[in-house]
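Notes follow the structure.
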């Protein structure tokens, strides 16, 4: 132990006896393994020889051959925001060519007639240069241009226009709009039909099972349906009662609707001052006011409708007042004769030209639905006064103008006979089942 300590001291006192054994082992291990197999030390290490890499020769690419394109065509669809100039340039025309072609096309058609979804055809030659442009304008016809060197020659052909009288018949299941749509015709006919019977039929209380037949002029441009002319004859059954109307052109050029006996359908007063809405509150001598919180009379009929719905005068007359009142808001009062006045309350704004002294025709728009004054929501309060007495607008009795007479009545009766036969050609598209009736707003 003493000897070991002196050895450790010769090493600077770093090692102590318990650690000497472990420190010496790493020094002896290589020596032990070096004496195990002396022959391994002298064995020659064989280095494998690698085969030479093959030579790679990079040849220049073969020249690219171009095959001319055959004559071909493509179609571009008109999208919202497109102009004729932008479409022409997208199709391959230069700015100068597009400008010149727009000018040439404008001599035959109004470019604003183009609608999203219309197609424009571009024809190309072998060099992919535009050689022709053609397009069909819905409701008008076709126009095309062929290039002759640097000049385009334009040709236009309007489609033949024609008018057909067609019968349309249906029954109401959910609404007048849906009944028209089921026939395959445009809902545009809804407004036309309402215009014919607005004096006799309350369209705010249609019932399931009500039905109608009509004959209308349908207009075509080539094969394209472009719209409708006037309804020439119509029949409407509402609440078990049937109304008829036939359009007749007077010798003075004025047209109107008459019943089968020659009596004008048009009355002094319309049934309502709006076309499409619903009644939200009726005429009553006592009603709880939702804002004032008191019981008071309600001298009119409230029609609920969105803000901005057009409001019409129910009869010819002269405006007595157009202004604002805290309770009635913006409103208009119209005098129709020596006794009858109508009022239109809670408007959002007046129509152009509406002021005191202005003469108004029946059906003319005088303002728009709002919620001004003492109002809890958008609606029109429509009132009628006979002298100093307020009367229920829904019970207003109307005056019918003079009927047809003489030769005019004879011609009219011939026309009625022809129209009734057209009603017979219409196919009933919806039955009128026996069901419990309910109001359809």
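Taking a ≥ b ≥ c as the square roots of the eigenvalues of the Cα gyration tensor of region 278-395, is the shape rounded (a/c under 1.5), prolate (a/b larger than b/c) or oblate?
oblate
How much length, in nm to one decimal, is gained on full extension between residue 115 and residue 157, taken as 0.36 nm per residue of separation minus their Cα-Cα distance?
Roughly 13.3 nm would be gained on extension.
Write down the Kirkwood hydrodynamic radius of region 72-158, to one decimal in angstroms, obtained as one divided by the mean of 1/r over all alpha carbon pairs.
It works out to 12.9 Å.
Under a plain spin-label model, where a point goes 7 Å from the Cα along Cα-to-Cβ, how far apart in nm are residue 250 and residue 223?
My value for the distance between the label points is 4.4 nm.
Taking the beta-carbon count within 10 Å as an exposure proxy, list 386, 210, 118 from fewest neighbours to most. List each step's numbers first, then the result.
On the way: 386 11, 210 23, 118 17.
Going from sparsest to densest Cβ surroundings: 386, 118, 210.
For residue 241 and residue 359 in the same chain, what is the full-extension length gain: residue separation times 0.36 nm, less their Cα-Cα distance, in nm?
Between residue 241 and residue 359, full extension yields 39.0 nm more.
Tell me, what is the FRET efficiency for residue 205 and residue 182 to the nearest 0.05, using R0 = 22 angstrom and their Cβ-Cβ distance as r?
0.55
Starting from the Cα-Cα distance between residue 297 and residue 409, subtract it from 0.36 nm times their residue separation and give me the gain in nm to one decimal.
So the chain would gain 35.6 nm between residue 297 and residue 409.
Sticking with the crude label model, points 7 Å out along Cα→Cβ, report the distance from residue 395 to residue 263 in nm, one decimal please.
Those two pseudo-labels are separated by 2.2 nm.
Rule-based calculations on the coordinates, nothing more; no lab input. Only a predicted model underlies this, so the values are computations on that prediction, with no experimental measurement involved. Counting neighbours? That spans all protein chains shown, and the Cβs are built from the backbone with ideal geometry, glycine included.
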